[in-house]
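Heads up, the thing below is written out as structure tokens.
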Amino acid sequence: MNAIQPDAGRSPKVALPASIRLLSYNIQMGVDTASYKDYFTKGWKHLLPHRARIHNLNRIAALLRGFDMVSLQEVDAGSLRSGFVDITEYLAHRAAFPHWYRQVNRNIGPIARHSNGFLSRFAPAQVDHYKLPAAPGRGAMVIRFGTHARAFTLCCAHLALGRRGRERQLDFLSEVLADFPHLVVMGDLNADCRAPEIRRFIARTGLREPACDQPTFPSWRPVRKIDHILVSETLTAVESKVLDYSFSDHLPVYLTLALPEIARSSGRATEKTDSALSASTL
């Protein structure tokens, strides 16, 4: 399990506002895709560095500045293909986020370091990260903004392409997230919210999908909703929308969320980089 480090010192206290703006975005390594043929003509950009990547990342960072917490999928933690730029760190600095975390899920040394990322304007109390079962290179981060039982909790995930893999991963996450009453799950779940495995996960966790009818993929002509922000019934979704910001093959989805007072209370910050439950999946 790779350690997750923030780019700045943690504040000893957590204090969340009454309303926060969340964003989930699969950025496809900063590779812009405008048609299916681009997967072939621009496929080399997933393997080698190129000048346009930084330009696209800067445009993505401009979007991220408007949000409080951001879940990123398909980032690189610094390898040949990204020009040895840690993309999560780069976007955190560029968009002025004081707290950032990365999760390397597939490390191919200098060639590629496939990762998830999380950016926050508020210091978490605890960060756990899990390797997901059933498919290699998939992971989830669980971020808590308080140490008490009813603290606001986020799970950021990138699930498998195959249905059976997703079923096992969602069953695993259902157990991990069972005791969090004020919960958000966001990321690229690679399935529509009407898919049986997603419906089962929603039923088991008591979550709901505020924007099920807004597709996110492919970005140039979206027909599938595979990027999600799911929220507990205890939380109020003020506004949820898919943004027309196509610097990837996915569109980003955002949510403005109202938090109850109990979920916003502070706690002392610690970081936990592994657990018995996550170790059982290695």
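All of 207, 159 fail the test of being under 22 Å from residue 117 (Cα atoms) and either in contact (Cβ under 8 Å) with a residue 12 or more places away in the chain or out of contact with any His (no Cβ under 7 Å at 6 or more places or on another chain) (or both), apart from 159.
Looking across segment 236-262, the residues that are over 22 Å from residue 74 (Cα atoms), aliphatic (A, V, I, L, M) and surrounded by fewer than 22 Cβ atoms within 10 Å (Cβ to Cβ) come down to 237, 238, 258, 259, 262. Among the residues examined, residue 130 qualifies as in contact with a strand residue (DSSP E or B) (Cβ under 7 Å, 6 or more places away or on another chain), farther than 25 Å from residue 59 by Cα and among the aromatic types (Phe, Trp, Tyr). Would it be correct to say that residue 76 is under 14 Å from the mean Cα position of the chain (by Cα), crowded, with 20+ Cβ neighbours inside 10 Å and modelled with pLDDT under 95? In short, yes.
Residue-level check: of (1) surrounded by fewer than 15 Cβ atoms within 10 Å (Cβ to Cβ); (2) modelled with pLDDT of 80 or more; (3) farther than 30 Å from residue 17 by Cα, residue 62 misses just (3).
The values are calculated or read from the model by the stated rules, or taken from the named source; none is laboratory data. These numbers were taken from a predicted model, which means no experiment stands behind them. For neighbour counting, all protein chains shown are included, and Cβ atoms are generated from backbone atoms with ideal geometry for every residue, glycine included.
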